[in-house]
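Since the structure comes first, as structure tokens, the remarks are kept for the end.
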Amino acid sequence: MKQLQHTEIKNVQKQFPITIVCDAIRTPENIGMCFRISESFGVEKIYLHETSPSEENRIVKKTARNTLAQIAHETYSDFTQLIQQLKEDGNTIIGIEITDKSTNLQKFNFNQHKKIVLLLGSERNGIENINLVDKTVAIPMYGRNSSMNVIHSLSIALYEVTNQLTKQTY
């Protein structure tokens, strides 16, 4: 067995109808990793709150590597206005959040939705206005801790969403 080098790997490149909204995420490493993981999973676009670290932040740049230039992104100032616009554009807003109405991530049927927004809450306060989301999904956890890092949650969610969507023809 031989471990492959980056130059030897040829990924099947595909873009999915997935948008990420980062709701006031403040940690530069999380912003950078959001770009990196989103690009890896074929996400169309990322929205960052205007108070989040920008793409000019050196930690964001270092963590994101070259993915800042590979994925569409823009900033927003009004959370409610952005979510309403995304809904008008035909997106289903899905919060990755533990609520009393959350569906287990693995049991949620992402194929029923043409355009998906995965909404990430801030590290400290969660999603700004949970009542604006259409659905919430939660990742089953088996340890004592009831939460995980926001980008780890995004990674798990994107794996599940793209796994389901690759079984559907576009």
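The values are calculated or read from the model by the stated rules, or taken from the named source; none is laboratory data. All values derive from a computational prediction rather than experimental measurement. Positions of Cβ are backbone-derived with ideal geometry, glycine not excepted, and every protein chain shown enters the neighbour counts.
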Handout entry: Single residue of Ile130, Ile94, Ile116, Ile98 found to be at pLDDT 95 or above and out of contact with any Lys or Arg (no Cβ under 9 Å at 6 or more places or on another chain)
Key = Ile116
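Okay, residues lined up against (1) at pLDDT below 95; (2) assigned to a helix (DSSP H, G or I); (3) closer than 20 Å to Glu128 by Cβ:
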site	(1), (2), (3)
Gln3	yes, no, no
Thr7	yes, yes, no
Gln15	yes, no, no
Gly42	no, no, no
Ile59	no, yes, no
Gln81	no, yes, yes
Handout entry: Unique residue being polar (S, T, N, Q), more than 20 Å from Ser147 (Cβ to Cβ) and in contact with a strand residue (DSSP E or B) (Cβ under 6 Å, 6 or more places away or on another chain) when the list is Thr63, Thr75
Key = Thr75
Fill in the blank from the handout: Only unsatisfied item for Gln106, checking (1) part of a loop (DSSP other than H, G, I, E, B); (2) surrounded by 11 or more Cβ atoms within 10 Å (Cβ to Cβ), is (1)
Completion exercise
Restricted to the stretch 83-103 and to residues being in a loop (DSSP other than H, G, I, E, B) and touching a residue at least 40 places away in the same chain (Cβ under 8 Å), the residue surrounded by the most Cβ atoms within 10 Å (Cβ to Cβ) is Glu97
Completion exercise
Exactly one of Ser54, Ser146 is farther than 14 Å from Ile20 by Cα and either in contact (Cβ under 8 Å) with a residue 24 or more places away in the chain or not in a loop (DSSP other than H, G, I, E, B) (or both), and that one is Ser146
